[in-house]
1. With the checklist (1) closer than 19 Å to residue 85 by Cα; (2) surrounded by 15 or more Cβ atoms within 10 Å (Cβ to Cβ); (3) over 35 Å from the mean Cα position of the chain (by Cα) in hand, flag the one item residue 70 doesn't pass.
2. State all residues of region 38-55 that are in a loop (DSSP other than H, G, I, E, B) and surrounded by 13 or more Cβ atoms within 10 Å (Cβ to Cβ); if no residue qualifies, say none.
3. Could you count how many residues in region 1-37 are outside any loop (DSSP other than H, G, I, E, B), surrounded by 14 or more Cβ atoms within 10 Å (Cβ to Cβ) and not charged (D, E, K, R)?
4. Please enumerate the residues belonging to region 283-336 that are outside any helix (DSSP H, G or I) and closer than 26 Å to residue 26 by Cβ.
5. With the structure loaded, tell me whether residue 419 is at pLDDT 95 or above and under 27 Å from residue 265 (Cβ atoms) or whether it fails that test.
6. Would region 324-335 turn up any residue that is of a type outside the set (S, T, N, Q) and more than 16 Å from the ligand (Cβ to nearest atom)?
7. Among the residues of region 401-419, count how many are assigned to a loop (DSSP other than H, G, I, E, B) and touching a strand residue (DSSP E or B) at 6+ places or on another chain (Cβ under 6 Å).
Amino acid sequence: MSDPLWKKGDGPVDTDPEIMAFLAGRDVILDRELLPFDIQATGAHAAGLARIGLLTQEELEATRTSLRELQEAFEDGGFVLDHRFEDGHSAIEAWLVDELGETGRKIHTGRSRNDQVAVAMRLYLRDRLDRLEAVCARIAERCLERARKEAQVPMPGHTHLQRAMPSSLGLWWAGHAEAFLDDMELASLVRDWLNASPLGTASGFGVNLPLDRDEVAQELGFPRLVVNPQYAQNSRGKVELRALDALAAATGDLRRVAWDLSLYASDEFGYLSLPDRYCTGSSIMPNKRNPDTVELLRALHAEVVGARGELDTLLGLPSGYHRDLQGAKGPVLRAFASGLEALGLLPGLLDGVEWNTDRLRNSISAELYATDRANELVAQGRAFRDAYRQAAAEAGGLEGRSPEESLEARSSPGGSGNLLLDRLEARLHRDR
Ligand code: ARG
């Protein structure tokens, strides 16, 4: 391993490989995801040091160039972040020292790994929340397209898993669309909420140097600072938790839509079929065709919620930095990697859903019109409770109705005859 950043004298540091391995854990591997953000923040930090005269212009240029080279080497595999380093932060400094000597030895002026990791994490979360917002928008868009196309296609609506009233594919699709519109907006809200720079708070107390924090923040695209150095540390994990909340909102809705699909694809329902590429067979039962992809999408939410629980549990700490906080990285990185991968599969899956429209229509039996009938009597002047009883008594007289007529008459805003898709589409296309 390279010399640790905290090596003090010229002699060797008394380290034990087993203990060092435990301290670093998988940390340096996790830092592979954060390294590009750490490099970006390091460049902005160097520019800040130059503005207050702690790096010359030439030193800044050299640092920036060397950081660009590191980024390129990292991308093309020429530089591998591994256990030679204690963490990604050490690797960046080691690279700069190797490349630039004395200049590289200045980069840690006025910063600590504590604000370094905090800023890298916020940049990472901003990026992943942007992706989350984008994938939710794509899902909502697909659902809305199909809601338009299949607005008037009848299906039975269920409560308690029992057929309840005539409904439509339009209503089903638009329902899922609206869920993902909410998730899209939540991702964007959380992104804006955590879009603040902790860089320049160092170990949690500020430093006796006139750091140019505002400009550094601006270069990194943060509209504001995390002002207080103690809070810069105390908010670590807290912002990750909210980001996982936003992710869990989306994977929770993914779970629901996956549930519907697996249920409707079953022989018992027979409402739809899934494209072959999302299904698998059984190793023993030649007759089987299983909706495994849909089931794994449904299960994914457990991983996100588990990660959230792990993180929340970890945060029972007093103020300031504690090494415990290193444990905040794993659950967040894992959950976003799996969550975004799963959500990314949903648009294609939704495109491939084929409905069995005959089966849907034929599943709407006469008694499902009872609520329609009661409301018709209300329109003729009956009190609802009396109309309800009369409709119940007339159960036999509901034959001969058509689902299309029932849907068309469902004129309450949002109902099958008045889906207000324009309003949902407007949310999708609002400038964000
Ligand atoms: N890997 C550490 C973390 O994620 C980096 C910060 C180390 N800071 C320290 N004071 N040891 O928390």
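1. Checking residue 70 against (1) closer than 19 Å to residue 85 by Cα; (2) surrounded by 15 or more Cβ atoms within 10 Å (Cβ to Cβ); (3) over 35 Å from the mean Cα position of the chain (by Cα), the one that fails is (3).
2. Initially, region 38-55 is screened for residues in a loop (DSSP other than H, G, I, E, B), giving 52-55.
Passing the criteria: 52, 54, 55.
3. Within region 1-37, residues that are outside any loop (DSSP other than H, G, I, E, B), surrounded by 14 or more Cβ atoms within 10 Å (Cβ to Cβ) and not charged (D, E, K, R) number 10.
4. Narrowing region 283-336 to residues outside any helix (DSSP H, G or I): 283-291, 315-322.
315, 316, 317, 318, 320, 321, 322, listed by residue number.
5. Against the criterion (at pLDDT 95 or above and under 27 Å from residue 265 (Cβ atoms)), residue 419 qualifies.
6. Among the residues of region 324-335, at least one is of a type outside the set (S, T, N, Q) and more than 16 Å from the ligand (Cβ to nearest atom), which makes the answer yes.
7. Adding up the residues that qualify gives 1.
Results for (1) over 24 Å from the mean Cα position of the chain (by Cα); (2) part of a loop (DSSP other than H, G, I, E, B); (3) among the aromatic types (Phe, Trp, Tyr), shown as yes or no for each residue.
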site	(1), (2), (3)
185	no, no, no
199	yes, yes, no
209	yes, yes, no
231	yes, no, yes
242	no, no, no
246	no, no, no
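The values are calculated or read from the model by the stated rules, or taken from the named source; none is laboratory data. These numbers were taken from a predicted model, which means no experiment stands behind them. Positions of Cβ are generated from backbone atoms using ideal geometry, with glycine treated the same way; all protein chains shown enter the neighbour counts.
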